[in-house]
């Protein structure tokens with residue numbers, strides 16, 4: 001089986017979906033969004049909406065902790081099912097507090113040389129400001145998600161999982177795609 005997938009990771013608003021769709025079109029590959037398929041994978045190992053709602057009532061941290069084993073399972077499954085696609089991970093699917101879950105994610109994507117971290121700039125503070133402005137343009141974007149995105153942006157697991165980093169600020173999506181294609185391992 002080919003391990004040619006291009007996996008896009010990064011915080012919310014980094015451009016994973018925009019770039020993923022364009023890359024897939026340009027390369028003639030399928031495009032798969034984790035956010036579109038994740039619950040199918042979560043359900044395979046017993047995800048329970050009632051438990052998730054109860055955890056949400058306890059607070060966002062409890063919900064995110066509940067999600068993590070399901071997220072790493074989804075990472076393992078999506079790369080197995082779509083080894084030749086352009087895959088954009090949801091922002092949380094590349095951030096793990098639990099070292100054992102991070103190791104599982106690393107093992108799942110290890111055979112794939114093209115794991116691309118998208119960030120606006122190398123400076124986390126500047127990147128956060130850019131991402132926050134982008135996300136403010138989304139109607140009904142929950143304000144509490146800005147703090148979560150700060151966590152996603154600064155968390156070291158994105159850097160540990162990435163094999164390629166591309167900075168997008170000041171570039172069009174097409175320019176970003178061209179840069180990514182120039183860095184891909186074939």
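Below is a table of values for the structure above.
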item	result
GNM result for the chain, Cα springs below 10 Å: residue of 155, 56, 169 fluctuating most strongly	56
Length-normalised contact order of the chain in % [C-alpha pairs under 8 Å, at least 6 apart]	34 percent
Percent of C-alpha pairs per 5 Å bin, the range 71-114, short to long	5, 23, 35, 27, 8, 2
Which of 7, 130, 138, 78 has the fewest Cβ neighbours within 10 Å, and the rest in rising order	138, 130, 78, 7
Theoretical ellipticity at 222 nm over the chain - DSSP helices of four or more residues, -39500 (n - 2.57) apiece, nearest 500	-17500 deg cm²/dmol
Tail fraction, Cα-Cα pairs, the range 1-82, threshold 17 Å, whole percent	55 percent
Three-way shape call for the chain based on the alpha-carbon gyration tensor, with the a/c threshold at 1.5	oblate
Likely footprinting exposure, 38, 53, 104, 22, fewest C-beta neighbours within 10 Å first	53, 104, 22, 38
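All of the numbers you see were taken from the coordinates with simple rules; none came from a lab. Predicted model only: the values in this text are computed from it and were never measured. Ideal geometry is used to build each Cβ from the backbone, glycine not excepted, and the neighbour counts take in all protein chains shown.
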